[in-house]
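See below for the structure under consideration.
The values are calculated or read from the model by the stated rules, or taken from the named source; none is laboratory data. The shown structure was predicted, so the numbers you read here are calculated from the model rather than taken from an experiment. Positions of Cβ are backbone-derived with ideal geometry, glycine not excepted, and every protein chain shown enters the neighbour counts.
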Amino acid sequence: MKKFVSVIGGAVAIALLFTSCGADVKSAGDYNYFDAVDSNASYGWDDGADWATDEVAEEWEVEAPAPAEAAPEANAAQSSRKIIKNGDLSIETLEYDKFVYQLEASVSSFGGYIESSSHYGRDSNRSANYTVRVPENSYEAFMDTVGGLGTVISSSTSTDDVTLKYVDVEARLAAYKAERDSFMELLEKAETVEDILRIQEYLTDVNYQIESYTSQLNTMKDLVSYSTVRINVSEVERVTPPAPKTVWERISTKLDENLYDISEGAKNFFVNFVSSIPYIVIYAVIIGIIAAVIIIIVKKNRKKQLKAIEDFAKNNPPQEQDK
């Protein structure tokens, strides 16, 4: 019986240690990066961390030891930083097919993979959006390589330090696993069916917490080890020139742009005119028919008017005036 009580006391001590760790980490700051792994809100950590051991301790009158003073911040300072990198690239290219081929080859050569891709357009002015995952130690080299495949319009990198969150989840997961082991020992020593059922109920909830925190930890490991790069590529006929620095460069750039716009406008007008010739011919034929009908009608009306005048003149000859 003493061994049984000592096992219960161990479970209570682990739960209290776990609660202390959770409270200390929570005071370090509000983690906004990964809402999906916000364990305090999603999984009821504050409401459910002590419920199992508190009821067991109260029923078997086990005195809980004082909580430990260790905090995850101290461990985080000693461990390697957990940094999540995200990059965005907007690129123009004159050779769309070649760029896409080289991009996909670069992803494979760096040991990454394409998480998703979308392509738009068919013949010209095509574009695509890529979401690529590459090993974090190859992030900078990959960004430089892809940037050299075309003309970079914009580039950005953001980082998120999730070290404390990572340590927090690790501590919670370890504490729940220790609590599960303690309840497994209690289950082996339980003497009544009621105790067995209650301990199994506690184990079910503890296992649920272990699964959820394991999922959170694996997700963060993946985000840390593989950086995310979002790439937007656009096919153009003329790449965007770099921003001019001097007055003469600005004049030269504007003049070049205006001449290009005039040239493109003339080309577009010619293309539209030639492609519209069938419509122009049809409209011309229709207008010609309408004009011919109008002319015929006008001529007929004029002939009728002239005939009426002639008939009137014959029927009403002019009378000679008396001298």
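Descriptive notes on the structure:
- The set of residues from region 71-89 being modelled with pLDDT of 50 or more and not in a loop (DSSP other than H, G, I, E, B) comprises Pro72, Glu73, Asn75, Ile83, Ile84, Lys85, Asn86, Gly87, Asp88, Leu89.
- Residue count for region 108-139 under the criterion of being crowded, with 17+ Cβ neighbours inside 10 Å and touching a Gly at 6+ places or on another chain (Cβ under 8 Å): the result is 4.
- Residue match in region 93-107 (condition: part of a strand (DSSP E or B), buried (at least 20 other Cβ atoms within 10 Å of the Cβ) and modelled with pLDDT under 95): yes
- Assessment of region 146-160 against the conditions (touching a helix residue (DSSP H, G or I) at 6+ places or on another chain (Cβ under 7 Å), among the hydroxyl-bearing types (Ser, Thr, Tyr) and outside the structural domain of Gln200 (by TED's automatic domain parsing)) yields at least one matching residue.
- Only residues that are outside any loop (DSSP other than H, G, I, E, B), closer than 12 Å to Thr228 by Cα and touching a residue at least 40 places away in the same chain (Cβ under 8 Å) were counted in region 108-137, giving 8.
- Single residue of region 210-231 satisfying the filter (surrounded by fewer than 16 Cβ atoms within 10 Å (Cβ to Cβ) and polar (S, T, N, Q)) that is farthest from Phe99 (Cα to Cα): Thr214
- Filtered residues of region 153-192 (kept if part of a helix (DSSP H, G or I) and closer than 27 Å to Asn137 by Cβ): Thr163, Leu164, Lys165, Tyr166, Val167, Asp168, Val169, Glu170, Ala171, Leu173
- Scanning region 198-229 for residues that are at pLDDT 90 or above, of a type in the set (A, V, I, L, M, F, W, C) and assigned to a helix (DSSP H, G or I) turns up Leu203, Val206, Ile210, Leu217, Met220, Leu223, Val224.
- Residue in region 241-252 that is at pLDDT 90 or above and within 30 Å of Glu92 (Cβ to Cβ) present: no
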